[in-house]
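The values are calculated or read from the model by the stated rules, or taken from the named source; none is laboratory data. Since we're looking at a predicted model, the values are computed, not measured. Here Cβ is always computed from backbone atoms with ideal geometry, including for glycine, and neighbour counts include all displayed protein chains.
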Amino acid sequence: MTDSAYEYALNKAKEGEIKMRETIEIINRKLEEAYKHIKPYMDRKNCPQLYDMCAYCEKWCGDEHNYKDCENMPCFKNWLAYVYLKWEASFENGE
């Protein structure tokens with residue numbers, strides 16, 4: 001590989017890394033936004049999917065669980081992403 005080809009490949013890799021970081025930051029902001037909006041309603045009645053998912057977790061503390069310990073858990077982040085996507089779709093569909 002020539003020096004110019006190597007530099008080109010290195011620059012492309014750096015660009016990809018920067019884009020990946022930016023994408024991750026955007027996703028994390030959206031998850032935080034979803035968490036702020038859904039947090040007051042995170043109970044068995046309003047979020048049965050969350051309750052069903054978490055009821056068998058070792059971190060579960062019962063119905064008064066505040067989910068603070070769960071913020072960095074992949075399962076919780078996936079659930080927040082699901083909520084965010086539903087929320088975003090409802091705006092797009094005018095619901």
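Can you find a residue that is of a type outside the set (Asp, Glu) and modelled with pLDDT under 80 anywhere in region 23-36?
No: region 23-36 contains no residue that is of a type outside the set (Asp, Glu) and modelled with pLDDT under 80.
Kindly list, by first and then second residue, each pair from a residue in region 24-48 that is closer than 13 Å to TRP79 by Cβ to a residue that is basic (Lys, Arg) and modelled with pLDDT of 85 or more, limited to pairs with Cβ atoms under 7 Å and residues at least 6 apart or on different chains. Here the result reads LEU31/LYS77, each pair linking region 24-48 to a residue that is basic (Lys, Arg) and modelled with pLDDT of 85 or more. Check ASP52, ASP63 and return the single one that is surrounded by 10 or more Cβ atoms within 10 Å (Cβ to Cβ) and charged (D, E, K, R). Only one candidate qualifies: ASP52.
Criterion first (surrounded by 10 or more Cβ atoms within 10 Å (Cβ to Cβ), basic (Lys, Arg) and under 30 Å from HIS65 (Cα atoms)) does LYS12 satisfy it? Against the criterion (surrounded by 10 or more Cβ atoms within 10 Å (Cβ to Cβ), basic (Lys, Arg) and under 30 Å from HIS65 (Cα atoms)), LYS12 does not qualify. Look through region 3-47, keep the residues that are touching a Phe, Trp or Tyr at 6+ places or on another chain (Cβ under 7 Å) and not in a helix (DSSP H, G or I), and return whichever of them is nearest to TYR82 (Cα to Cα). Applying the filter and picking the extreme gives CYS47.
I'd like the full set of residues that are farther than 17 Å from LYS86 by Cβ and within 19 Å of the chain's Cα centre (by Cα), limited to region 48-58.
Of all residues in region 48-58, those farther than 17 Å from LYS86 by Cβ come to 54-58.
Those that are farther than 17 Å from LYS86 by Cβ and within 19 Å of the chain's Cα centre (by Cα): CYS54, CYS57.
Here's the yes/no breakdown for (1) more than 22 Å from ILE27 (Cβ to Cβ); (2) at pLDDT below 85:
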residue	(1), (2)
ALA55	yes, yes
GLU58	yes, yes
GLY62	yes, yes
MET73	no, no
LEU85	no, no
PHE91	no, yes
